[in-house]
Amino acid sequence: MPCNAPLGYAIVSLMRQAQERRSLCSNRRARHDYQIEEVFEAGIALTGTEVKSLREGQADLKDSYAAIEGEEAYLFNCHISPYAAGNRSNPDPNRKRKLLLHREEIARLMGKVQEKGLTLVPLGFYAAGRKIKVELALARGKKLYDKREALKRRAVAREMAQLASGRADHR
């Protein structure tokens, strides 16, 4: 940054650097089990030791889901391990956590979730500057034959790539 740069330029460039997304945890199983319809982000209410544990990558989203209770959205079954250097006030690792969404977003999601077969699934946690965000997806559950078909397509694509690069084993 040049020395004679105006102060506003310096602040904006520092803010731009702070907005980088750093993935903390992902739910790879969700993309296999669900057909993703729409993806959006939400804030999450966490305690200090949960944030430290998340930044170390100590979270599991395997069986987690989001639901709307009353007029608030919550994340259920999300395991965030207790912080190793924390004290006895570490919260329960599987407690329900409040999702921070606007009232209009919650109303829109409530309408879509009440459609047949749609559910809210977390895809991952990421750090945006100093804040922790959750990437949520409106998703429809896949049938077993859809999963098998996706696996077959992936295997065929892998074989084609190997043939193209000449690495295929000749049987």
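The values are calculated or read from the model by the stated rules, or taken from the named source; none is laboratory data. Since the model is a prediction, treat every value here as computed from it, not as a measurement. So basically every Cβ, Gly included, is an ideal-geometry build from the backbone, and we count neighbours across all protein chains shown.
Beta carbons closer than 8 Å, at least 6 apart along the sequence or on distinct chains, pair a first residue in the stretch 23-43 that is closer than 22 Å to residue 57 by Cβ with a second that is β-branched (Val, Ile, Thr) for 24/132; 27/121; 30/36; 30/121; 41/134; 42/134; 43/132; 43/134.
Note on the stretch 113-137: among residues that are of a type in the set (Lys, Arg) and over 17 Å from residue 75 (Cβ atoms), the one that is modelled with the lowest pLDDT is 116. Residues in the stretch 45-66 include none that are over 19 Å from residue 89 (Cα atoms) and of a type in the set (Val, Ile, Thr).
Within the stretch 138-171, the set of residues being more than 19 Å from residue 38 (Cα to Cα), at pLDDT 75 or above and either in contact with a Gly (Cβ under 9 Å, 6 or more places away or on another chain) or among the small types (Gly, Ala, Ser) (or both) comprises 150, 155, 157, 161, 164, 165, 166.
Just one of the numbered conditions (1) under 25 Å from residue 129 (Cβ atoms); (2) surrounded by fewer than 18 Cβ atoms within 10 Å (Cβ to Cβ); (3) modelled with pLDDT of 85 or more; (4) in contact with a Pro (Cβ under 9 Å, 6 or more places away or on another chain) is not true of residue 72: (4). Scanning the stretch 1-53 for residues that are part of a helix (DSSP H, G or I) and at pLDDT below 80 yields a count of 13.
Filtering the stretch 108-122 to residues that are over 21 Å from the mean Cα position of the chain (by Cα) and assigned to a helix (DSSP H, G or I) leaves only 111. If you go through the stretch 18-56 and keep only what is surrounded by 14 or more Cβ atoms within 10 Å (Cβ to Cβ), of a type in the set (S, T, N, Q) and touching a strand residue (DSSP E or B) at 6+ places or on another chain (Cβ under 6 Å), you end up with 26, 27, 35, 53.
Quick check: is even one residue across the stretch 81-91 touching a Phe, Trp or Tyr at 6+ places or on another chain (Cβ under 8 Å), part of a loop (DSSP other than H, G, I, E, B) and buried (at least 16 other Cβ atoms within 10 Å of the Cβ)? Yes, some residue in the stretch 81-91 is touching a Phe, Trp or Tyr at 6+ places or on another chain (Cβ under 8 Å), part of a loop (DSSP other than H, G, I, E, B) and buried (at least 16 other Cβ atoms within 10 Å of the Cβ). Restricting attention to the stretch 152-168, does a residue exist that is surrounded by 12 or more Cβ atoms within 10 Å (Cβ to Cβ) and basic (Lys, Arg)? The answer is no, given that none of the residues of the stretch 152-168 is surrounded by 12 or more Cβ atoms within 10 Å (Cβ to Cβ) and basic (Lys, Arg). Total residues in the stretch 48-71 satisfying the condition of being more than 22 Å from residue 28 (Cα to Cα) and acidic (Asp, Glu): the figure is 2. Scanning the stretch 117-145 for residues that are surrounded by fewer than 13 Cβ atoms within 10 Å (Cβ to Cβ), farther than 18 Å from residue 100 by Cα and in contact (Cβ under 8 Å) with a residue 12 or more places away in the chain turns up 117, 141.
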